[in-house]
Amino acid sequence: MLGNSETQQLKRNYLFAILICVVITMLATPLRQVLDLANIVMLFLLVVFLVALKLGRGPAIMSAILAVALFDVFFVPPRFSFTVNNAQYLITFSVMLAVGLATAHLTAKLSKHAAAAVDREQNTRRLYELARDLAGASSYDEISKALSLFVAWSGYTAKLHLLDANGEFPSLSQDIALTTIAHMAIKQGALVNTSQLSDEGSLTLVLPLKSPHKVRGVLEANLEKYVGDVDKEMLEAVVNLVAIAVERLHYVALTQQTQLDATSERLRSSVLSSLSHDLRTPLTGLVGMADALALTTAQQSDSVHNAAIAIRDQALAMSHLLSNLLEMARLHSGKVALRKDWRLFEDVIGSAIKLLKPTLAQHPVTVTLAPDFPLVEFDDVLLERVLCNLLENAAKYSPLESPIEIREYISGECACIDVSDHGAGFPAGKTESLFHMFERGESESSTLGVGLGLAICSAIIEAHCGTIKAVNQAQGGACVTLCLPLGKPPIVNPEIEEA
């Protein structure tokens with residue numbers, strides 16, 4: 001369908017073609033006694049050529065037919081009549097019409113190709129300018145601004161709709177229909193035509209912003225008309241450029257956030273290390289003095305002696321917290337050298353239970369060992385620290401006299417240890433965040449601690465290229481599972497053992 005402006009322009013072209021034929025007839029009429037009819041035919045063919053070149057195929061065809069008619073009426077005897085005395089003029093008319101129509105067709109075709117070449121050159125230049133603007137864009141608003149400037153000349157509008165972290169379109173929250181179409185475009189991975197014209201006669205197209213790794217959103221284009229492959233190719237080129245720019249900004253933001261997190265972590269570890277070192281010396285002295293005070297008050301009243309013991313216990317707890325802070329700072333600094341060797345899990349399990357014998361005195365501990373369990377490569381001191389933290393947490397956050405279970409087993413290519421208790425379990429939705437620094441469960445607020453135990457366990461297990469996770473058991477209580485890669489233990493030569 002043609003718009004009103006294009007219809008009016010086409011009418012003007014036809015009228016102008018008629019006017020030119022009439023004018024050339026009026027100019028050539030006085031010269032008919034001077035010029036040969038063959039030369040006058042050339043004048044009419046020149047008119048057809050010029051009309052085809054400037055006004056298009058339709059007006060040129062009409063001017064070719066009109067030129068034959070005017071030449072017959074005004075120049076071929078008998079004049080002012082379509083009657084022809086000499087039949088040879090019929091050949092002239094036929095050749096004149098054929099040459100005129102061929103000239104009109106070829107010239108119009110050449111003109112169309114030239115116009116298309118000019119349009120392609122302009123589109124290429126505009127796409128280059130868009131690519132340059134998008135390459136310099138440092139925010140999504142600048143991308144939208146560059147896109148608006150690009151489409152301003154084209155007679156349509158375009159809007160950028162980006163997906164959020166939840167896979168939704170915040171900018172389309174009030175437009176359910178367009179949201180559905182946008183998700184359809186993402187699912188199909190191709191242009192979606194709404195096939196619904198608005199009151200103004202515009203057509204809405206939705207194209208997905210496809211990047212190498214993920215679709216980041218859609219481009220909504222509202223066109224006054226859709227002429228086929230030209231518009232489609234242009235829109236797809238624009239979408240590809242915008243998708244690349246959006247993907248670049250996404251990874252720039254991700255890199256900046258990673259750098260910020262790393263800087264913050266280094267600063268926090270540095271502060272923790274400095275603070276722990278500064279507090280450790282006076283706190284060690286405080287623990288010693290609290291021990292001496294507890295001994296000297298043993299013969300005094302129970303209240304004084306109990307107060308001295310409480311001071312000693314709190315000082316020891318603070319010393320333990322500072323040790324955790326120093327351990328965490330050391331692990332995050334990357335200066336911990338793993339002294340790994342091939343050992344059995346049961347050895348480090350036994351040493352951890354023995355080390356925590358006073359803490360586990362009111363909790364029966366059950367250990368389930370697998371028969372013929374293979375050797376595993378690990379740092380026994382650090383893994384013992386992990387088990388001690390897990391057992392200490394199990395004893396701290398479960399009722400007195402409740403059992404604690406330890407189980408070793410093989411899972412796939414990993415050797416695993418479960419530490420389970422029968423306490424309240426982990427807070428819902430926090431089983432992953434509990435392994436972050438200074439993260440504590442809600443039920444732990446009344447228990448002394450700063451939320452470093454599980455974070456230290458996670459850092460040590462990750463240094464061993466293993467995994468650690470926490471779950472709530474169906475029958476109640478918490479369970480922490482750590483897994484280390486099995487690897488290939490060394491083969492012991494029997495002859496060496498006999499020697």
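Every number here is computed from the coordinates shown, using simple stated rules; none is lab data. Quantities reported herein were computed from a predicted structural model and do not represent experimental measurements. For neighbour counting, all protein chains shown are included, and Cβ atoms are generated from backbone atoms with ideal geometry for every residue, glycine included.
Given the peptides 45-56, 340-351, arrange them by the average over their residues of other C-beta atoms within 10 Å, most packed first. Provide the component values of the computation, followed by the final result.
Working: 45-56: 21.3, 340-351: 16.7.
Descending mean neighbour count gives 45-56, 340-351.
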Which of Tyr251, Tyr156 has the fewest other C-beta atoms within 10 Å, and how do the rest follow up to the most? Tyr251, Tyr156
Relative contact order computed over segment 38-88 (Cα-Cα under 8 Å; 6+ residues apart), in percent: 23 percent
Fewest first, what order do Cys416, Cys465 take by the number of other Cβ atoms within 10 Å? Cys465, Cys416
Determine which lysines satisfy two conditions relative to Lys159: a Cα distance under 24 Å, and not lying fewer than 8 residues away in the same chain. Lys145, Lys187, Lys210, Lys214, Lys225, Lys232
Given charges at Cβ of Lys, Arg, Asp, Glu: segment 341-485 dipole, positive-most of Leu383, Leu369, Ala424: Ala424
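If we count other beta carbons within 10 Å of each Cβ, what is the order of Leu90, Leu486, fewest first? Before the final figure, lay out the partial values.
On the way: Leu90 12, Leu486 16.
Going from sparsest to densest Cβ surroundings: Leu90, Leu486.
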